[in-house]
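What follows is a single structure, written as C-alpha cells, with notes after it.
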Amino acid sequence: MQSTYTAPRYAYRPAGDAGAHHAVIVVGGGMVGLTVALDLAQRGQRVVVLDDDDTVSVGSRAICFAKRTLEIYGRLGLGRKALAKGVTWHVGKVFFQDRPIYEFDLLPEMGHEYPAFVNLQQYYIEQWLVEACVATGFVDIRWRSRVVGVLNHAGGATIEVETPDGRHMLHADWLLACDGARSFVRDSLGLPFVGKVFRDRFLIADVVMKADFPAERWFWFDPPFHRGGSVLLHRQADDVYRIDFQLGWDADPEAEKEPGRVAARVREMLGPDRPFELEWVSVYTFRCRRMEQFRHGRTLFLGDAAHQVSPFGARGGNGGVQDADNLAWKLAAVLDGTAPEALLDSYDTERVPAADENILNSARSTDFITPKSDAARAYRDAVLELAEHHAFARPLVNSGRLSRPAVLRDSVLNTPDAEPWDGGVLPGAPAIDAPLADGWLLGALRHDFAALVFGDAGDVPQGVRPVRIGMGAIDAVRRYAAHSGTVVLIRPDQHVAARWRGVDAAAIAAARDRALGLGA
Amino acid sequence: MSLLTEPRLDDADLLFETLVEAHRDLDAEASRRLDARIILLLANHIGSVETVREAVLVAREAVKPRKNP
C-alpha cells in the first residue's frame, strides 16, 4: 500500500558474543531506544541495541514533533533534517459541525530556531537515527534479536536473546527497556502497568493526495461528513495526510480497516473529485497508564514501555524523547564516574511527574472528545455551541492540549532561586532558545554543563562551558529576565539548574555538583 | 467556604419563573444542554473554579438522604 517511502531492511549479523558483558543494552530499536542510544554514543558510551524486527516503524505513527523534541534532535544533529523534510505548523483550527469556532497559535513569537511543531512520519526519524547511531561507531544495533528472558539483579541484568541463530545470554550493567507499550521486559519482571482504557475506537488513515490545505492542525467535532464523531487532519511530508476518524466503541475494528470502507469515509470528507491513495490504515483503542516507577535497580524504562497516553496532544513520542534526553546524560555521568548511581533516581523523580502531566492532559482531551455520559456530552456540546460566539468558552474546547516540555519544578537537582526574579526561566524549566549574534542560544549549549553569562559577569568554574551573551541580544535578555551579571547554569539536557543575579565560580560549581547528585 | 448560601436574590419568584420558562418546548436532551450552557456562562461570570466546586458539593449533598431528620 505504501508508495511514498520504501522502508530499509537491515541485515541480521551474528554477534558471536554469547555470554558477553556490555555496559548498556537497549531493548527496542524504535524512536526512543535509538534516541537514547545516540545520545549515549555522542557522550562516548558504547551501547548495544536489540530489536526484534529488521526495519523502521511501520506506518507514520508519531507524526507531530514538538519544539522541545526538535531542539533535542537539534542537539543530536538531526533537527535541521527534520525541519527540512517535515511540515512546519503552529496554527490549529477547530470546527463544530459545518463552521470554524476556534483557532489557536502555539508559537506566536519569532526568534526560535525550531517551530512549535513539525509533522514528519516516524519512519524518517528512525531511519536517520539508525544512520546517526551507526556513524558514531559506538552503537551496535542487532536486528532480529528478540529478548525472551530477563533476570534483574543488583549488578545489572542478564537477558536471553533469540536470533535466527538461536538463543544466547548477554549481561548488561544497565538495561534500558524501550520496548513499547507491550514491553516484554516490564511484563517479565512482573511490574504493573495500570491506568484506564477509553471506550472508543479511532481509525487512522494516511492518505496521499495533492491538496492545497494549509499546514495547520484541523479538528472537527460532529462534521457533516462524519456525523456524531470527531475528525483530525494533519499534513505530513511527501503529500501524505493523516486523518483520524472517531468510530465509537461499537465499531468492528477489522471491518473498519477494509480499504473500500476507509476510502468511502475519506471520499465523504474530501468530496468526490479529489483523487487520493491510501497509504496506511490502523484502528486504535486508547489507554492512559504508567508504571509506578521507571527505575528498577539497573533496569530503566523509557517511552511507551513506562507510560502510555492517548494521541490527542502528541504526548507519546514527544514524552518518550524527553525521557531519553533526561536519562542519557545522567547514565553517561554515572558510567564516567563523575556522578553517583543515585543520580539515576532523579530520572524517576523527574520523569514520573512529567508522565503524570502528559497522562492528565491527554486523558482530559480524550474525555472531551469521547464524552463518558449523557451529562458529559451535554457539557461538551454546550461548550462547542458557545465557543463560536463567546470568547470565554474557547479555552474550554479541548481537541488536544499539545505537548509542552516538562518543567522539573520540584527536582532535587535544582538549586532554588536565592534572589527575587521577575519572570525569566525558572530552575527545572528547559532553556528557551533565542537568536545570538553568531547563531542560536540552544545551539551554543552542546552536550555539557553550560552557563549563560550575561553582560559583565565573572568567571565560571572548570567543567562548565561559558556562553557569553551581550546585553544587546535583546530576545535572550528578555526571555531570561537577565541583567548584566546574570548567570544561568544549564544541565546537559538543556534544563536550567540554577540562576543568579550575581555569582562566583564556587557557587556555580556547587550548583553543578548538586545537579550531578553530589549532594546539596 | 466562599460560596454564599444566604438569600441574596432581588426577586426569588422571578428567578424560578425565568429558569422554568427557559426550558419551555425543549425535549430532555435540549433542556440538559441549555442548563449546561447556562452553568458555563455563570461559572465564567463567577470566575472561580473553587466556588463552582463548592456549589457542586453543596448541590450533591442536597439530594442525599439525611440521617436523624
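The values are calculated or read from the model by the stated rules, or taken from the named source; none is laboratory data. All values derive from a computational prediction rather than experimental measurement. Every residue, glycine as well, gets a Cβ built from its backbone with ideal geometry; the counts of neighbours run over all protein chains shown.
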**Message:** Can you find a residue that is in a loop (DSSP other than H, G, I, E, B), exposed (fewer than 14 other Cβ atoms within 10 Å of the Cβ) and modelled with pLDDT of 95 or more anywhere in region B:46-62?
**Reply:** yes
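Does residue A:399 qualify as being within 30 Å of residue A:104 (Cα to Cα) and within 14 Å of chain B (Cβ to nearest Cβ)?
Values: within 30 Å of residue A:104 (Cα to Cα): yes; within 14 Å of chain B (Cβ to nearest Cβ): no.
For residue A:399, the condition - within 30 Å of residue A:104 (Cα to Cα) and within 14 Å of chain B (Cβ to nearest Cβ) - is not met.
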**Request:** Check residue A:442 against each of (1) crowded, with 22+ Cβ neighbours inside 10 Å; (2) at pLDDT 95 or above; (3) over 23 Å from residue A:40 (Cα atoms) and name the one condition it does not meet.
**Result:** (3)
**Request:** Filter region A:434-463 for residues that are in contact with a helix residue (DSSP H, G or I) (Cβ under 6 Å, 6 or more places away or on another chain) and either polar (S, T, N, Q) or part of a loop (DSSP other than H, G, I, E, B) (or both) and give the result.
**Result:** A:434, A:441, A:449, A:459, A:460, A:461
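From B:21, B:29, which residue is away from chain A (no Cβ under 14 Å), over 13 Å from the mean Cα position of the chain (by Cα) and not in a loop (DSSP other than H, G, I, E, B)?
That would be B:21, the only listed residue that is away from chain A (no Cβ under 14 Å), over 13 Å from the mean Cα position of the chain (by Cα) and not in a loop (DSSP other than H, G, I, E, B).
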**Prompt:** Among the numbered criteria (1) within 12 Å of chain A (Cβ to nearest Cβ); (2) within 19 Å of residue A:385 (Cα to Cα), which single criterion is violated by residue B:49?
**Reply:** (2)
**Request:** Kindly provide the set of residues from region A:471-493 that are in contact with a helix residue (DSSP H, G or I) (Cβ under 8 Å, 6 or more places away or on another chain) and under 12 Å from residue A:515 (Cβ atoms), ordered by number.
**Result:** A:489, A:491, A:492, A:493
**Request:** Give the residues of region A:206-232 that are under 27 Å from residue A:304 (Cα atoms) and within 22 Å of the chain's Cα centre (by Cα), sorted by residue number.
**Result:** A:206, A:216, A:217, A:218, A:219, A:232
**Prompt:** Within region A:305-318, can one find any residue that is in contact with a strand residue (DSSP E or B) (Cβ under 6 Å, 6 or more places away or on another chain), of a type outside the set (Gly, Ala, Ser) and under 24 Å from residue A:228 (Cα atoms)?
**Reply:** yes
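Between A:179, A:206, which is part of a strand (DSSP E or B), among the charged types (D, E, K, R) and surrounded by 15 or more Cβ atoms within 10 Å (Cβ to Cβ)? Step through it out loud before you land on a result.
Values: A:179 fails: part of a strand (DSSP E or B).
Within the list A:179, A:206, the selection yields A:206.
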**Prompt:** Only one of (1) in the same structural domain as residue A:327 (by TED's automatic domain parsing); (2) small (Gly, Ala, Ser); (3) closer than 30 Å to residue A:380 by Cβ is not met by residue A:229, so which one is it?
**Reply:** (1)
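Conditions tested, residue by residue: (1) outside any strand (DSSP E or B); (2) buried (at least 24 other Cβ atoms within 10 Å of the Cβ); (3) not hydrophobic (A, V, I, L, M, F, W, C).
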| residue | (1), (2), (3) |
| --- | --- |
| A:36 | yes, yes, no |
| A:40 | yes, yes, no |
| A:54 | yes, no, yes |
| A:58 | yes, no, no |
| A:65 | no, yes, no |
| A:83 | yes, no, no |
**Message:** I want to confirm something. Restricting to region A:364-387 and keeping residues that are surrounded by fewer than 20 Cβ atoms within 10 Å (Cβ to Cβ) and away from chain B (no Cβ under 12 Å), which single residue is farthest from residue A:310 (Cα to Cα)?
**Reply:** A:372
